[in-house]
Every structure is written in structure tokens, then in C-alpha cells.
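Have a look at the structure below before the remarks.
The values are calculated or read from the model by the stated rules, or taken from the named source; none is laboratory data. What you see is a predicted model, and the numbers here were worked out from it, not measured in a lab. Here Cβ is always computed from backbone atoms with ideal geometry, including for glycine, and neighbour counts include all displayed protein chains.
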Amino acid sequence: MRKILFLCAVLSIAAVIMIGLFVFVEGYPIMHKVGFFNFIFGKVWSPSEGLYGIFPMIVGTFSITLGALVLGVPLSIFTAIFLAEYAPKKFERLINPAIELLAGIPSVIYGLFGMTMIVPVIREIQKLYFGRGASQMQSGYSILAAAIILSIMICPTVISVTRDALKSVENELKAGSLALGATQWQTTRHIVLPKAKSGIIAAVVLGMGRAIGETMAVIMVAGNRVGFPESIFSPVRSLTGNIAIEMAYAAAGDHSQALFGTGIVLFIVIMAINAFALRIYGKGVNVK
Amino acid sequence: MKSKTIEKFVKVILWCSGILTLTILATILIYIISQGIGKINIEFLTQNPRRMGMEGGIYPAIVGTFYFTVATIFMTAPMGIATAVYLTQYSRENFWVKAIRFANDMLSAVPSIVFGLFGLALFVVKLKPLTGGWSILSGALTGMLMILPTIIRTSEEAIKAVPKEYKEASLALGANNEQTVTRVIIPAAMPGIITGVILAIGRVIGETAAFLLTLGGSILIPSSFFEPARTLAMHIYLTAMEVGALDMAFGTAAVLIIAILILNLVTHVVLNRYSGVTR
């Protein structure tokens, strides 16, 4: 009995190793062929010419993720502070399930919402801003659209981890501060937030991981043009999008390997981010 | 006086953030449902798509989602529950347990497109003679790895929440470890385990990227687990992006959202109804 259970349990270890191994084995040849440095920092991605540089996609993913964090993190942290320190019980009971639901909405639905609601609004703004003459900058599919959608999608992660970190701060500390005559905000700012700092950092890092790894919603709103963005209104392609869009028609060989190579980069980045978050989260905050 | 002004100001900002979060959720739900609800009728739910999904219904996607979800859950739930039992009942905090927990955390962080790449390389290409290439089986094996951490974590919590006295009483009555686990602990933890399974179902029916690369996306009704299928979520993507039939995409999205709302509701009912028993 014990042995059977143990075999089931080690499946997850085997899975992580196998995923890393398979993606690596499939993608390594192309990295070896064009050179690791050229693969990562190559500025041209053109499979038909045999050029495989993923730097435009790295810039794309980076700009979308940065935008999502700028828009999403303040809202999420304020909401978490509100939930942990200020919200009446009734409101909490309303908003907690709402956050769960927000996390449960499929990413294609966020994508559909983005492409029919956010993208048209951005298109109108672009027309006003650039005038009707400007050419390719007017589709609305852009960094901004992807950042807005992702900022909503990372909310549940950032809110719930931050909220738990804030709630794990001992009540005695808060009571002591309040008893000394500090207002609730002073207590929150000078006692609770510093205490929960590492948990909040972990929350932001986890949100970042979610944004980097998201595929469907991004390819539905980001425009997917390979190239370096000129502004937040430029279309970009993300690392995830690169795989999802081209895998369907990539011929076996260099092209397919290059997409697996993109997967290697993605896998390593995400693993590093999450290992980092786990480390600080485990250390700094007492999460039950 | 000044700190009181700040206090008021902060309160306003925090209330606004809380309300904004709710508003965003409500906007998305109302928008998708209101755009799609008009499309839903008996024909939409029971007919085959015509002209690549431009017209007709979504019946194959509903059937595909159902088969696929059932296959994935039936493969994953026993494994996940067994792991949770091992972690809580049959082990101490040793190297393996730590490694298993770490692997679970990592597994739940892997982006879905990377799961897709893995599934494509292993299940679809390497194991083609066994899985039939792009098929429900390949998709389910990929999906299994995605939802395993969810099922393990929730089952573990549910088992930990079973009062110690239950276990002690059972052992005191002369039952052995195995009997205690199968007849006392697992039944007592069942509501929590079911909640985890429902969460996992939600993840399977909502996920798209990984299954685009492994499930095949056939528009026909699958006749066995070795044939390709498409889920509702894939159908939304394919109709919106490849076919350009937004009305069909909205109709499908409304069906999917309603399914997810029902799943969420069921979770809450299960948890509320039985929370007194396990905690």
C-alpha cells in the first residue's frame, strides 16, 4: 500500500523532470546550430529564411508584463489591504468569491472580452492621437490592450497572496500600535505593510509569472506582429504567442525546434521566478 | 487633524479599489453573457457546426468537452488523492516529501503552452501508436499533469482537516492503517476532495493553449478516446480568431461562463453544507 502510494506521489517529480527534459531535448539542436547567444539576442525571426532570433518576442513579453504589473499591482494591493484591514465582514464575504470567480474565468474569455471591448476603444484613441493618416498603428491590437487584459488576469493571484500575507501579521502588533494612538492607516503603513513585505513581493512576482506564461488572452489582443515596439500602441508578439501561433504549421526540423527553444526560455524563466517567490514567501511570512 | 484627513482619504481609495475589482468582474460576466445569450437555443446546443463553425451549433464541442473532462478527471483524481494520502498519512518530513511538494509547486507554475509542447513531443509524436496522435487521450494525459497539483493540494488540506480523534478511535477499535484510511479518513475528507475535483474540472474546461497542441481540435464528434476532439474553450478561440465568427464565439463563451458559474456555485454548496462535518 505504502509503496503504491509512494509511486503515485513521485509522479509529480517525474513530470517536472520529464517536461524540462523533453522540451530541452527538442529545442536544444537549434540553439546549438545558431548559437545560444544568437538565438536569444537575434533580432530577426524569419523561419522561411532560416533566421531564428527570439529577441523581439522577449521584448514583447517583457513590455506586456511590465504594463500589466504597472496597471494591476496597485489595484490588487489596495484591494488586498482593503480586504485584510478595512472591509466590513459582509463585503468580504461578497468579494472573496468574486476573486475566486475572476481566477476561474477561462483565458479565452478574457481574450474575447479584450478583442471586442478593449481593442476597439484603443483603436479610437489611436485615431484621435495619431490622426487618421498614420498607417499600421491603428488596429488597436497593442501592448496596451494586452497589458490591460493581463492586469485583470493577475489580480486574483496578487490579491489573494497579499491578503494572506497581511492577515498573517500578528494581531498583538496591530493592537499595540492602535493602543499607542496610531490611526488605522498609520498602523497599516508602519506596522502591517513592513511585516508583510516579503509576502507582498512574492505576490507581485507570482503575478509576473502568471503574466509571462499567459497565452490565449495575449494572442487574441496583442497583434502578434514580430518586431520591436515603438510605443504602447504598437502590436507585439509574446514568447507564448510565438509558440501557439506557429506550432500549428511549423514543419518538423529547424522551425519546430526553434519553437521548442522558445519553450525552453519560457520554462527556465518561469521556474526561476517561482522558485524565487517560494523562497521569500516561505521564509518571510508564516503562511499556514 | 492631518492624520485624520489622510485616514479618510485612504479609506476612500481602498473602498474604490474593492468596488472596482467587483465592477471589473461584473462587467466581464454581464458583457459576455449579454452578447452571447441571444445565440443560445436548442439548435445551437444540439446541432453540428456548419461552414467551419460560421453557422449551426456547438454540439460536438459540448460532447468533446464532456468526454475530455471525464477522461482527465478519472485519470487524475485517483493519483492525486493517493498522493495526498501518502503525504499526510504515510510519510514524515523527509527528503522525498519535500521534493514532492516542491515539484508540485513547480508543476502548478508551468505555463500551459509549455505543457502543450511537452504533450506534443511525448504523447502526440513519440507515443503515437498508443495514443493515436492528436486525441482525447493525449490531451487528457497532458491535462492530468496540469491539474494534478490542484487535486493534491486540496485533498491534502481536506485530509488534514479531519479531526485526529477519528483516526485514533478507528485505530483503537483495532482497525489497521489501511482500513482507517479507506473507511474513516477519506470518507470524512470527501467534501473537501470533491471541491478540489470541481476546481480541477473548471481548470480543464477553461484551459486552451495546452490542448490546442495536443487535443487536435477536430470539429467532428469523437467516437473513441483515440480520436481528436475540441473543447468549448478551443471552439471560442477557433471561431473568433480563425473563422472570424464573433457571434458564434460569444454564444459559446456564454455557455462556458454559465457552466463555470454553476461549478462555482456547486463548490460553495458542497463546502457550506459539509463544512461542519470536517472542521
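Details
- Flag set for residue A:6, criterion: facing chain B (nearest Cβ under 9 Å) and surrounded by 15 or more Cβ atoms within 10 Å (Cβ to Cβ).
- Residue within the range B:62-79 that is within 14 Å of another protein chain (Cβ to nearest Cβ), free of Cβ contacts under 8 Å to residues at least 24 places away in the same chain and within 29 Å of residue B:146 (Cα to Cα) present: yes
- Checking B:22, B:29 one by one, the residue that is more than 23 Å from residue B:219 (Cα to Cα) and without any contact (Cβ under 8 Å) to a residue 60 or more places away in the chain is B:22 and no other.
- Checklist (1) more than 14 Å from chain A (Cβ to nearest Cβ); (2) assigned to a loop (DSSP other than H, G, I, E, B); (3) among the β-branched types (Val, Ile, Thr) applied to residue B:184, failing item: (2)
- Residue count for the range A:246-282, restricted to those that are more than 8 Å from chain B (Cβ to nearest Cβ), of a type outside the set (Asp, Glu), over 16 Å from the mean Cα position of the chain (by Cα) and over 17 Å from residue A:55 (Cα atoms): 10
- Scanning the range B:114-143 for residues that are more than 8 Å from chain A (Cβ to nearest Cβ), under 11 Å from residue A:22 (Cβ atoms) and in contact (Cβ under 8 Å) with a residue 12 or more places away in the chain yields B:119, B:123.
- Residue B:83 facing chain A (nearest Cβ under 9 Å) and crowded, with 16+ Cβ neighbours inside 10 Å: yes
- Only residues that are within 12 Å of another protein chain (Cβ to nearest Cβ) and part of a helix (DSSP H, G or I) were counted across the range A:138-153, and they come to 5.
- The condition of being more than 7 Å from chain B (Cβ to nearest Cβ) and touching a Ser or Thr at 6+ places or on another chain (Cβ under 8 Å) holds for only one of A:66, A:71, that being A:71.
- Selection count, the range B:236-248, where residues are touching a Leu at 6+ places or on another chain (Cβ under 9 Å) and touching a residue at least 40 places away in the same chain (Cβ under 8 Å): 2
- Qualifying residue in the range B:160-172 (condition: part of a helix (DSSP H, G or I), surrounded by 15 or more Cβ atoms within 10 Å (Cβ to Cβ) and aromatic (Phe, Trp, Tyr)): yes
- Residues in the range A:66-87 that are buried (at least 24 other Cβ atoms within 10 Å of the Cβ) and closer than 15 Å to residue A:238 by Cβ: 1 in all.
- For the residues B:72, B:27, the requirement of being surrounded by 21 or more Cβ atoms within 10 Å (Cβ to Cβ), modelled with pLDDT of 90 or more, in a helix (DSSP H, G or I) and polar (S, T, N, Q) singles out B:72.
- Just so you know, in the range A:230-276 the residues that are assigned to a helix (DSSP H, G or I) and aromatic (Phe, Trp, Tyr) include one that is modelled with the lowest pLDDT, and it is A:276.
- Qualifying positions in the range A:21-63 - within 14 Å of chain B (Cβ to nearest Cβ) and more than 20 Å from residue A:234 (Cα to Cα): A:21, A:22, A:23, A:24, A:25, A:26, A:27, A:28, A:29, A:30
- One residue alone among B:99, B:103, B:109 is surrounded by fewer than 17 Cβ atoms within 10 Å (Cβ to Cβ), facing chain A (nearest Cβ under 8 Å) and under 23 Å from residue B:200 (Cβ atoms), and that residue is B:99.
- Annotation note: Cβ proximity below 8 Å between a residue of the range A:160-185 that is of a type in the set (Lys, Arg) and a residue that is assigned to a helix (DSSP H, G or I) (sequence gap 6+ or interchain) occurs for A:163/A:80; A:163/A:83; A:163/A:84; A:167/A:84; A:174/A:187; A:174/A:191; A:174/A:192.
- Which numbered condition residue B:254 misses (of (1) under 27 Å from residue B:134 (Cβ atoms); (2) part of a helix (DSSP H, G or I); (3) within 11 Å of chain A (Cβ to nearest Cβ); (4) at pLDDT 90 or above): (1)
- Every residue from the range A:173-182 that is surrounded by fewer than 16 Cβ atoms within 10 Å (Cβ to Cβ) and within 19 Å of residue A:83 (Cα to Cα): A:173, A:175, A:178
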